[in-house]
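I have placed the structure first, in the form of structure tokens, so that the comments after it can refer back to it.
The values are calculated or read from the model by the stated rules, or taken from the named source; none is laboratory data. Here the structure is a predicted model, which is why all the values come from computation and not from measurement. Positions of Cβ are generated from backbone atoms using ideal geometry, with glycine treated the same way; all protein chains shown enter the neighbour counts. All accessible areas refer to the heavy atoms of the entire protein, side chains included, with ligands and DNA or RNA removed. Shrake-Rupley method; radii C 1.70, N 1.55, O 1.52, S 1.80 Å.
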Amino acid sequence: MSALAGRRAFVTGANTGIGQAVAVDLAAAGAEVLCAGRSAMDETLAAIAAAGGQGHAVPADLGTMAEARAAFEGAEAAHGPVDVLVNNAGIIRRADAVDMTEADWDAVLDVNLKAAFFLAQSFARSRLRAGGEGAVVNVASLLSFQGGIRVAGYTASKSGLAGLTRVLANEWAPHGITVNAVAPGYVETNNTAALRDDPERREAILARIPMGRWARPADIAGAVTFLAGPGARYVTGVTLPVDGGWLAR
Ligand code: NAP
């Protein structure tokens, strides 16, 4: 039987990139996937259908906490309880630290960290009411471990997300809710378009990746599906690098 048959997953930022690959992979593993985000989900829903899975769009701008919560609660009311939450939506704003604006700092922290927490809170409240197990998988970053450069808000948000993963894992383990994160290496998505468009940065990054290639979104999705599934029921509080060996270097 498929590992996630009978499970329902809520994936943020599912319209493109890593979130799209995660949504399709979870659906292929048998989960019904609620695809949350602020853009059209048509492409993702078509890919899910092509994989023989089931998915639904959930419109949500996660920059506003009231909207994020309402989207989650509305999706549960419409489709039923969620067993797996994947906090994938995220943004990056690049600027020298001395020039970073408060508006950019707030935008990054709101989507990458604050929405992840309040969605996890809504998810756990619902799980506790239902008395059922659950899994949260956060999409962190190598900048949960490293400093990076010209991305102060992003590094703060992703380092915070690794800490959040641990504290929620501690609090919710007794209730059967696991909380883990994946830390993708360099993945070919919109998020890294600026890096890939800069030939020097692109080659410098490639030269440091032991596996000799950038990641594809599907590389990350496999690890998320593992952490969401039955094979990882005794795994909690970890931030798992999925980086082609970058951190081992
Ligand atoms: P991406 O293609 O830019 O995807 C980001 C996703 O987040 C999109 O679906 C985007 O929706 C969504 N999003 C952003 N702000 C939102 C908001 N206010 N409300 C709802 N959705 C919002 O980049 P990606 O690489 O797949 O990023 C996915 C996650 O992986 C992010 O958390 C990112 O930090 C993390 N990550 C990526 C890399 C990498 O190398 N690519 C490495 C480490 C970590 P729209 O399309 O509508 O903007």
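General observations
- Meets criteria (free of Cβ contacts under 8 Å to residues at least 24 places away in the same chain and surrounded by fewer than 23 Cβ atoms within 10 Å (Cβ to Cβ)) for residue 47: no
- Restricting 178, 225 to those that are of a type outside the set (Gly, Ala, Ser) and in contact with a strand residue (DSSP E or B) (Cβ under 6 Å, 6 or more places away or on another chain) reduces the list to 178.
- Candidate set: segment 23-41, residues that are near the ligand (Cβ under 9 Å from one of its atoms) and open to solvent by less than 30 Å² (accessible area, probe 1.4 Å); chosen: the one farthest from residue 222 (Cα to Cα): 37
- Test: residue in segment 94-105 that is among the basic types (Lys, Arg), on the phi < 0 side of the Ramachandran plot and crowded, with 16+ Cβ neighbours inside 10 Å: no
- Every listed requirement among (1) free of Cβ contacts under 8 Å to residues at least 24 places away in the same chain; (2) open to solvent by less than 30 Å² (accessible area, probe 1.4 Å); (3) not hydrophobic (A, V, I, L, M, F, W, C) is met by residue 148 save one, (2).
Table: residues versus (1) within 16 Å of the ligand (Cβ to nearest atom); (2) under 21 Å from residue 181 (Cβ atoms); (3) crowded, with 22+ Cβ neighbours inside 10 Å.
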position	(1), (2), (3)
3	no, yes, no
43	yes, no, no
51	no, no, no
57	yes, no, no
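- The numbered conditions (1) farther than 17 Å from residue 63 by Cβ; (2) basic (Lys, Arg); (3) within 15 Å of the ligand (Cβ to nearest atom) are all true for residue 114 except (1).
- Scan of segment 130-144 for residues that are modelled with pLDDT of 95 or more and away from the ligand (no atom under 11 Å from the Cβ), ordered by number: 133, 134, 135, 136, 137
- Flag for residue 108 being within 23 Å of residue 191 (Cβ to Cβ) and either surrounded by 14 or more Cβ atoms within 10 Å (Cβ to Cβ) or over 17 Å from the mean Cα position of the chain (by Cα) (or both): yes
- Candidates 63, 74, 80, filtered to the one that is surrounded by fewer than 24 Cβ atoms within 10 Å (Cβ to Cβ) and more than 16 Å from the ligand (Cβ to nearest atom): 80
- Subset of segment 119-143 [part of a helix (DSSP H, G or I) and open to solvent by 20 Å² or more (accessible area, probe 1.4 Å)]: 121, 125, 128, 129, 130, 143
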